[in-house]
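The block underneath contains the structure these notes are about, expressed in structure tokens.
The values are calculated or read from the model by the stated rules, or taken from the named source; none is laboratory data. All of these numbers come straight from a predicted model, not from anything done at the bench. Every residue, glycine among them, receives a Cβ derived from its backbone with ideal geometry; neighbour counts consider all protein chains shown.
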Amino acid sequence: MNWPRPRLPYVQKRHRVGLLSARLWLRHMLFWGGAVGVGLAATAFALASDYAHELFSHALAVSPWLPLLITPLTLATVAALTQRYFKGAEGSGIPQTIAAIRMPDGPVRDRVLSLRLAAAKMLLTCVGLAGGASVGREGPTVQVGAALLYNLRWLIRFPRHLMERGLIVAGGGAGVAAAFNTPLAGIVFAIEEMARSFEERSSGTLLTAVIIAGLAAVYVQGDYTYFGTTHSAISGSSGWLGVLLCGLAGGVLGGGFSRLLLAFSSHGLPGRAGVFMRTYPVRFAAVCGFVLALIGLASGSAVYGSGYEEARQLLEGTGEVAAGYGLWKMLATFVSFISGIPGGLFAPSLSAGAGIGQTVASLVSQADPGALVVIGMAAYFAGVVQAPITAFVIVMEMTDNHDMVVPLMLATLLATAVSRMICPRPLYKALASNYLDRVRPDSVPPSVEK
């Protein structure tokens, strides 16, 4: 009996031809170039944000009362530009990116991940920081990274699994890696927070984007740790008691913050205040700016900006920070976020967590204060976003302290468990669902102040 000849040689030949395909290598080159672009954009965003905060610091040096004028005007201006010209640029950027993953391919997704909106996100976040807003640049960098890689699809056709969501997930992960100089955290964040699943076909794309974007950022800024380095460690029963207290405090405060933010995002203020907020969003942003300035006065001008310097001082023990800094920073971040301006929660949450760790350290006198500051950062961040693996990995990489892995894991898992009892819906997922409800074709668009 004559059996048919096997077709394996032809399959291998086609595979070899595919590897040598000019179109395949052009696709690779465009993707690598896009990942480099994410790294450079994150670096430019970081430098611009630092400069914007410096401008506000100069104004603050003139008089601590000046924010009562500057901050309301700035937040109102940013809110007006966002509402009128850049709808979709408000908020963190992570919920919009997650929502884009859930959207079908079409004009709505293209608008959310447009390069125009990405550029506006960076510009308006910097303007907000120049006015003293308690926001971060890391969440917006996620949307910027996703937009940059997603728009490569207009230059050349990618495989279907990448066009549907692979480019978005890879761009978001690359944005985190480049913003914090934490490549491992970028990968974990993309898997845990954005994708919630890990597709084997997309794994190489994600890893490549994170590595190249991170290298591009490091090439420009140099290799650095985001909050500096610490060699503090947990030891003895007092230290482990501090870990448990940080986990509980991070879960309660982080979960409460998220629940309050989601309630406000879904329903707004009750009564006439809610009507005012919905009818006059620009005026409401000005009111938020005034409240933020009052918080700044009450806290000794410590709550403005991302909180990077305050967290670094607490971590390294190089400066004086008010005892109630963590709670003041939480309140300032909440007011900044509900104002409707672009800006993220990553850095302000980590900074507020450092303040919580400082408070716990004052209660557990025999524990290493620096170690509890690190634990507080991770615990509160995990309580807010309910992503424990991302929380402990990102803090471990940012502080270059691998001896704290076990305490960080314990605190973040405890904080996440407590947070879920207070706020059953994860923050970014719930905000993404709210955003999807607003952008549906049959939904009534919110009023825009004339």
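Report, by residue number, each residue of region 388-426 that is assigned to a helix (DSSP H, G or I) and among the acidic types (Asp, Glu). Lay out the reasoning, then the answer.
Within region 388-426, the first condition is being assigned to a helix (DSSP H, G or I), and the residues that meet it are 388-399, 402-422.
Once the filter is applied, which keeps residues that are assigned to a helix (DSSP H, G or I) and among the acidic types (Asp, Glu), region 388-426 yields GLU397, ASP403.
Every residue in region 131-159 that is among the aliphatic types (A, V, I, L, M) and crowded, with 24+ Cβ neighbours inside 10 Å, please. Give the steps one after another, and end with the answer.
Restricting attention to region 131-159, the residues satisfying the condition of being among the aliphatic types (A, V, I, L, M) are 133, 135, 142, 144, 146-149, 152, 155-156.
Result: ALA133, VAL135, VAL142, VAL144, ALA146, ALA147, LEU148, LEU149.
Give all pairs with beta carbons closer than 6 Å in which a residue from region 108-126 that is assigned to a helix (DSSP H, G or I) meets a residue that is surrounded by 24 or more Cβ atoms within 10 Å (Cβ to Cβ) and of a type in the set (Lys, Arg); count only pairs at least 6 apart in sequence or on separate chains.
Short answer, once both residue conditions are applied: THR125/ARG137.
In region 98-127, how many are over 21 Å from THR333 (Cα atoms) and under 13 Å from the mean Cα position of the chain (by Cα)?
1
Could you tell me whether region 399-407 includes any residue that is free of Cβ contacts under 8 Å to residues at least 60 places away in the same chain and more than 20 Å from VAL188 (Cα to Cα)?
Within region 399-407, not a single residue is free of Cβ contacts under 8 Å to residues at least 60 places away in the same chain and more than 20 Å from VAL188 (Cα to Cα).
Looking at region 375-387, can you tell me whether even one residue there is at pLDDT below 90 and part of a helix (DSSP H, G or I)?
No.
Restricting attention to region 71-97, report how many residues are farther than 26 Å from ALA147 by Cβ and surrounded by fewer than 20 Cβ atoms within 10 Å (Cβ to Cβ).
Of the residues in region 71-97, 1 are farther than 26 Å from ALA147 by Cβ and surrounded by fewer than 20 Cβ atoms within 10 Å (Cβ to Cβ).
List the helices (runs of 4 or more DSSP H) that sit entirely inside region 235-344 and contain at least 1 residues that are aromatic (Phe, Trp, Tyr) and modelled with pLDDT of 90 or more.
Numbers: elements: 236-267, 271-279, 281-298, 308-316, 325-338.
Where helices (runs of 4 or more DSSP H) fall fully within region 235-344 and carry at least 1 residues being aromatic (Phe, Trp, Tyr) and modelled with pLDDT of 90 or more, they are 236-267, 281-298, 325-338.
Residues checked against (1) outside any helix (DSSP H, G or I); (2) in contact with a strand residue (DSSP E or B) (Cβ under 9 Å, 6 or more places away or on another chain):
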residue: LEU55; (1), (2): no, no
residue: ALA59; (1), (2): no, no
residue: TRP65; (1), (2): yes, no
residue: LEU73; (1), (2): no, no
residue: ALA79; (1), (2): no, no
residue: ALA89; (1), (2): yes, yes
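Which one of these is more than 21 Å from PHE31 (Cα to Cα) and among the basic types (Lys, Arg): ARG137, ARG109, ARG116, ARG153?
Values: ARG109 fails: more than 21 Å from PHE31 (Cα to Cα); ARG116 fails: more than 21 Å from PHE31 (Cα to Cα); ARG153 fails: more than 21 Å from PHE31 (Cα to Cα).
So the residue among ARG137, ARG109, ARG116, ARG153 that is more than 21 Å from PHE31 (Cα to Cα) and among the basic types (Lys, Arg) is ARG137.
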